[in-house]
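Reviewing the structure listed below.
The values are calculated or read from the model by the stated rules, or taken from the named source; none is laboratory data. Note that the coordinates shown come from a computational prediction; the quantities given were computed from them, not determined experimentally. Every residue, glycine as well, gets a Cβ built from its backbone with ideal geometry; the counts of neighbours run over all protein chains shown. For the accessible areas, the whole protein counts, side chains as well, though only heavy atoms, and no ligand, DNA or RNA atoms are used. Shrake-Rupley method; radii C 1.70, N 1.55, O 1.52, S 1.80 Å.
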Amino acid sequence: MGVFTYESEFTSTITPARLFKAFVLDADNLIPKIAPQAIKSAEIIEGNGGPGTIKNITFGEGSQFNYVKHQVEGIDNENFTYNYSLIEGDALSEKIEKISYETKLVASADGGSIIKNTSKYHTVGDVEIKEEHVKEGKEKASGLFKLIEAYLHANPDAYN
């Protein structure tokens, strides 16, 4: 098994606490509401939302995939970190065992946030992950993030 790690960082004008509430804590409700073409539904099938929880994510009609299962590995409400893995679903190929994600939100000097992401692709055998595959996934995630950010700007009292 190989592990390929990719890191990315981007910024937001939204504070870390508010962004964490929307982007992590209430994502299962918010994302299907504001982006049903991307995510149709998210439901907990095991656990209480904390570490060990397994969620079934059903993609919307705009997606090339049907579903994935996420397993929450860690969540820290005070330090705004969230770790989870994609453990099952048609978004994983026979070449990828799982994809682990680590997200950390930190305050930026201008009062917004810096979002730091690390993705770890756990492959079967010696398979290599192509950069364009990772870039495509990151572009979709970035688009979803921008929708959440726009929603928070349009709804200044939400998630305070």
| request: Find how much the distance from SER142 to GLN37 grows on full extension, using 0.36 nm per residue of separation minus their present alpha carbon separation; answer in nm with one decimal. | output: 36.3 nm
| How do 3-10, 65-72 rank on mean C-beta neighbours within 10 Å, highest first? | 65-72, 3-10
| query | In nm, to one decimal, how far is the modelled label at TYR6 from the one at GLU132, with both set 7 Å along Cα→Cβ? | reply | 1.3 nm
| query | Taking 0.36 nm per residue of separation and subtracting the Cα-Cα distance, what length does fully extending TYR67 through ASN79 add? | reply | 1.4 nm
| task | Kindly report the accessible area of the chain per residue (heavy atoms of protein chains, probe 1.4 Å, no ligands, DNA or RNA), in Å². | result | 56 Å²
| message | Using each residue's phi in region 149-160, evaluate 6.51 cos²θ - 1.76 cosθ + 1.60 at θ = phi - 60° and report the 3J(HN,Hα) Karplus result to the nearest Hz, with x for Gly and Pro. | response | 4, 4, 4, 5, 5, 6, 10, x, 8, 6, 6, 8
| Quarter of the Cα convex hull surface for the chain, i.e. its orientation-mean projected area (nm²) | 9.2 nm²
| What order do LYS138, LYS33 take when sorted by accessible area (1.4 Å probe), most exposed first? | LYS33, LYS138
| remark: Connecting every pair of Cα atoms under 10 Å apart in the chain and solving the GNM, the largest mean-square fluctuation among GLU88, GLU73, GLU131 falls on GLU131
| region 135-150-region 94-111 distance, computed between alpha-carbon centres (Å) | 13 Å
| request: Take the solvent-accessible surface of the protein heavy atoms, probe 1.4 Å, and return the percent of it on region 81-160 that carbon and sulfur atoms account for. | output: 52 percent
| message | Counting only helical runs of four or more DSSP H residues, what would the 222 nm mean residue ellipticity of the chain come to if each run contributes -39,500 (n - 2.57) and the total is spread over all its residues? | response | -7000 deg cm²/dmol
| said: What figure, in Å² to the nearest 10, do you get for the accessible area of VAL127 with a 1.4 Å probe and non-protein molecules left out? | reply: 40 Å²
| request: Just read off the accessible area of ILE75 with the full protein assembly in place, 1.4 Å probe, to the nearest 10 Å². | output: 60 Å²
| note | Sorted list, accessible surface of protein heavy atoms, 1.4 Å probe, largest first, for ILE148, ILE87 is ILE87, ILE148
| Between TYR101 and ASN155, what length comes free when the chain is fully extended (0.36 nm per residue of separation minus the Cα-Cα distance, one decimal in nm)? | 16.6 nm
